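The values are calculated or read from the model by the stated rules, or taken from the named source; none is laboratory data. From a predicted model like this one, the values you see are computed outputs, not experimental measurements. Cβ atoms come from the backbone with ideal geometry, glycine included; neighbour counts cover every protein chain shown. The protein model used for the area step is the full one, side chains on, heavy atoms only, and it has no ligands, DNA or RNA in it. Shrake-Rupley method; radii C 1.70, N 1.55, O 1.52, S 1.80 Å.
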Amino acid sequence: MSKFDRFTLTGIVMLVLLIAAPFVVAQTGWHGGLPLLTRIVIYALAVVSLDLIIGYGALVSFGHAMFFSVGGYMVAVLAYHTNMGDTIFGWEGTNSALVLWPLALLACALLGLVIGYLALKTRGVQFIMITLAFAQMVYFILVSLQYYGGDDGLMMDMRNTMPGIDLDDPFAFYYLALGLLVLWVLFCRFIVNSRFGMVFQGLRQSERRAVNLGVNPLPFRLAAFVISAVGTGLAGVLWANYAEFVTPDMATWAKSGEFMAIVTLGGLGTLLGPIAGAAAFIGLEQILTIWTEHWMIVMGPILVLIALFGQQGMLGRFLKGGRHD
Amino acid sequence: MILFIEQVLNGLQYGAFLFLLASGLTLVFGIMGVINLTHGTFYMIGAYCGALTVASTGSFFMGLLAAMAGAGLYGLLVESTVVRWLYNRDHLYQVLATLGLILFTNEAVTLIVGRSPIFMNIPPFLEGSVTLFPGLAYPLMRLALIVVGLAVAFGLWLLVNHTRFGMLMRAGADDRQMVDALGVNMRRLYMSVFGLGAILCGLAGVMAAPLLAVEIAMGERILITTFVVIVIGGVGSIRGAFVGAMLVGMVDSLGRAYVPQIFTALLPYSVADTLAAGLVSASIYVLMALVLLVRPYGLFPARS
C-alpha cells in the first residue's frame, strides 16, 4: 500500500470513529464522554499544527502554548467588554464568532510573525529555549492583566454566537470543532505536499543544499511557523468557548511540553498520528485522574518511555510505510 | 544613591545565584549536547535536603553537605537511568524525557514531604547585616551568596582552563570520538560533568533556601530564568553564563526598583500599575529579545 493510501485510509477510519463516538458515548449515558471527545478534538487541532513545524521542519517549538492562550484570551477579553458595557480602544467589543475568531487568528498570526522572525535566526537548542522564553513573556503579561482576572483568569458569561450554529449545544459544538479539524488537516496536508512544503522539508534535510539552490530559508520557515501559530490559536479559541474560561495556565511551559509529548506519542511528521496521540494522551489522563490525584507520578515516567523508546510514535511506522526519512 | 547601590548589590546577589545554576546547565549542554530540564529539579532537591537536614540537626554545614550530596546523587541517578541514552538523540526527546522526570520528581517529593512549603532559618553566623559604609547595611546572608557565586566562578575558570579534567572537557566538547579514541573514558567524564552541575544546583538550593520558601515548583520557575541567562550569554559558554547571569540579575533588580517609579511619573496610576507589573516580570525576556536581535547566538557563542 502506498504512503498516500495509508494516509487516506487512516484519515477515513479516524473520521468515522470521531463522527460516531458521540452516539456511542450517548448510549452509555456517560456525561463526561462528550466533553472528553471535545477536548480530544481541540487538542488534536493544536498538535497537528505543532506537527507541521516539528515533524516536517525539525523546528522544535517549546512555546506553542502561547498561541493557544492568545487565541483564547482574544475571544474571552473582547466578549467580556461587550458584556461589561465598557470599551476597549474605543470599541465596545462583540460576542460574534464571525468577528472574534478571525481577529483572534490574526493576532496569533502577527505574534507568530514577530516571534518567529526573532526565534528563527537560530536553530536547534537555541530555538527551543527562545520559543520557551517568549511563551514565558506572554505568560507573565497575562498574569499581570489584573483587569482580566490576573492569575485567576477570566470567566466567559456565555459562548460566542454564530449564525446557524448554537455553540451552547454540546453536540453542535463538537461537530463544529471536528469539522474545523478536518479542514485544518486537509489544509496542512495540502501545504506539506505543495512546492512550498517540499522546500520546507528540504530545509530540514539539508539547509546547505537548499541555500546552494538559491533558497532563502527564512521566509519558508517563517510562513510555516505562522501557519502553525494560527492553527494552535484556533484551538485556543475553541478551548475558550469549550471551557468558557481562560487562565494564564493556558500559556504555561508545561502545556507546551504536553503538546510536544502528544505529537511525539502519535508520530512525528504524519499529521494524523498526533490526532491518535491526543486521544491516547487525554484518555490516559482521564483514567489516571480517576485513579489517583497523584497521576503525574505515572504520567512522568510514561513521557520518559515515549522519549526513550517511542521515536516512531503510535502511527509513525504505519503512516510512513515503514520508511525512515 | 544609597538605594541605587543597594539595588546593584541585590542584582549582584541574584546574578551570583543564577550563575551557580547557569554554569552547570551550560556545561552539560556545551559538552554533552544535552538540554536538561531537570536542572531546576536538582536545585529543588538540594533545597529540600538542605532545609530538612538543618531542621533535624540544627547545623548549617550538615545542611550544606546534605544539599550537595542529595542533588549530586539524584543527578547521577538521572544521568545513569535516563540522560545517558539520550546523548546522540534529537533535542526533542531530551526535552520530553527530562520533562517527564520533572513531573515524576515533583509528585514524588509531594508524596514524601507534602505540599506545604518549608522554611529554613538563616544560620546564626550569617544573621544580621554588615555596614558596608555609613547608611548602607547589607544582609550578611546575601553577601555570602555573592561570595559563594564569585568563588564558584573562579573555581570553574581554574578547573576548565588549568586542569587536565578541564582540558578533557573542552576536548570532549569539540570531538567526542577523537577523545574516546585516545583512551579517555567518556562515560565517566560525562557523569562527572553532569554530577558537578547537579552539585552546584544543590549549593544554589541550600544558599537560597533561607531567603525564600522551599516548595515544589521552585525548580521550574528558576529553570526558565536560567535558560534566559545562558541564551543571552551564549549556550555552552561559562564566560557567557557569568555575564548573562550578572546582566539578568541587574536588569531584574533595577527593573523592580525603578520601572514602577518611572511609569507612575509618566502615566495615570491605574494604567501605570498594570503596565509596570507586567514589564517588570517580563523585563528579562525583553532583555533577551534585544540581545538576540543583535546577536542571535548570544554574547559569547561557544562554537561558531
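Tell me yes or no: at least one residue of the stretch A:283-294 is in contact with a Cys (Cβ under 6 Å, 6 or more places away or on another chain) and at pLDDT 90 or above. No, there is no match, as no residue in the stretch A:283-294 is in contact with a Cys (Cβ under 6 Å, 6 or more places away or on another chain) and at pLDDT 90 or above.
Does B:Phe17 fit the bill of being out of contact with any helix residue (DSSP H, G or I) (no Cβ under 8 Å at 6 or more places or on another chain) and under 30 Å from B:Phe165 (Cα atoms)? It would help to see each step written out before you state the result.
Working: out of contact with any helix residue (DSSP H, G or I) (no Cβ under 8 Å at 6 or more places or on another chain): no; under 30 Å from B:Phe165 (Cα atoms): yes.
When the stated conditions are applied, B:Phe17 does not pass them.
The set of residues from the stretch A:253-272 being assigned to a helix (DSSP H, G or I), open to solvent by less than 10 Å² (accessible area, probe 1.4 Å) and more than 8 Å from chain B (Cβ to nearest Cβ) comprises A:Ser256, A:Phe259, A:Ile262, A:Val263, A:Gly266.
Residues of the stretch A:221-239 that are under 13 Å from A:Val41 (Cα atoms) and either under 8 Å from the mean Cα position of the chain (by Cα) or open to solvent by 10 Å² or more (accessible area, probe 1.4 Å) (or both): A:Gly231, A:Thr232, A:Leu234, A:Ala235, A:Gly236, A:Trp239. Put simply, of A:Asp151, A:Asp166 the only residue that is within 14 Å of another protein chain (Cβ to nearest Cβ), touching a helix residue (DSSP H, G or I) at 6+ places or on another chain (Cβ under 9 Å) and open to solvent by 70 Å² or more (accessible area, probe 1.4 Å) is A:Asp151.
Among residues of the stretch A:185-197 that are without any contact (Cβ under 8 Å) to a residue 60 or more places away in the chain, those with a Cβ under 9 angstrom from a residue that is surrounded by 12 or more Cβ atoms within 10 Å (Cβ to Cβ) and β-branched (Val, Ile, Thr), sequence gap 6+ or separate chain, pair up as A:Phe187/A:Ile227.
Does A:Gly300 qualify as being within 13 Å of chain B (Cβ to nearest Cβ), of a type outside the set (Ser, Thr, Tyr), surrounded by 18 or more Cβ atoms within 10 Å (Cβ to Cβ) and part of a helix (DSSP H, G or I)? Yes; evaluated as a whole, the condition is true for this residue.
Looking only at the stretch A:202-209, decide whether some residue is out of contact with any Leu (no Cβ under 7 Å at 6 or more places or on another chain), closer than 30 Å to A:Leu142 by Cα and touching a residue at least 60 places away in the same chain (Cβ under 8 Å). Scanning the stretch A:202-209 turns up no residue that is out of contact with any Leu (no Cβ under 7 Å at 6 or more places or on another chain), closer than 30 Å to A:Leu142 by Cα and touching a residue at least 60 places away in the same chain (Cβ under 8 Å). Within the stretch A:58-73, the residues that satisfy the criterion of being in a helix (DSSP H, G or I) and either surrounded by fewer than 24 Cβ atoms within 10 Å (Cβ to Cβ) or under 11 Å from the mean Cα position of the chain (by Cα) (or both) are A:Ala65, A:Met66, A:Phe67, A:Phe68, A:Ser69, A:Gly71.
Of the residues B:Leu92, B:Leu73, the single one that is open to solvent by 50 Å² or more (accessible area, probe 1.4 Å) and of a type outside the set (Lys, Arg) is B:Leu73. Among the residues of this structure, B:Ile146 counts as one that is open to solvent by less than 40 Å² (accessible area, probe 1.4 Å), over 15 Å from B:Thr41 (Cβ atoms), out of contact with any strand residue (DSSP E or B) (no Cβ under 9 Å at 6 or more places or on another chain) and not in a strand (DSSP E or B). Note on the stretch B:282-304: residues that are of a type in the set (S, T, N, Q) and either open to solvent by less than 90 Å² (accessible area, probe 1.4 Å) or within 9 Å of another protein chain (Cβ to nearest Cβ) (or both) amount to 1.
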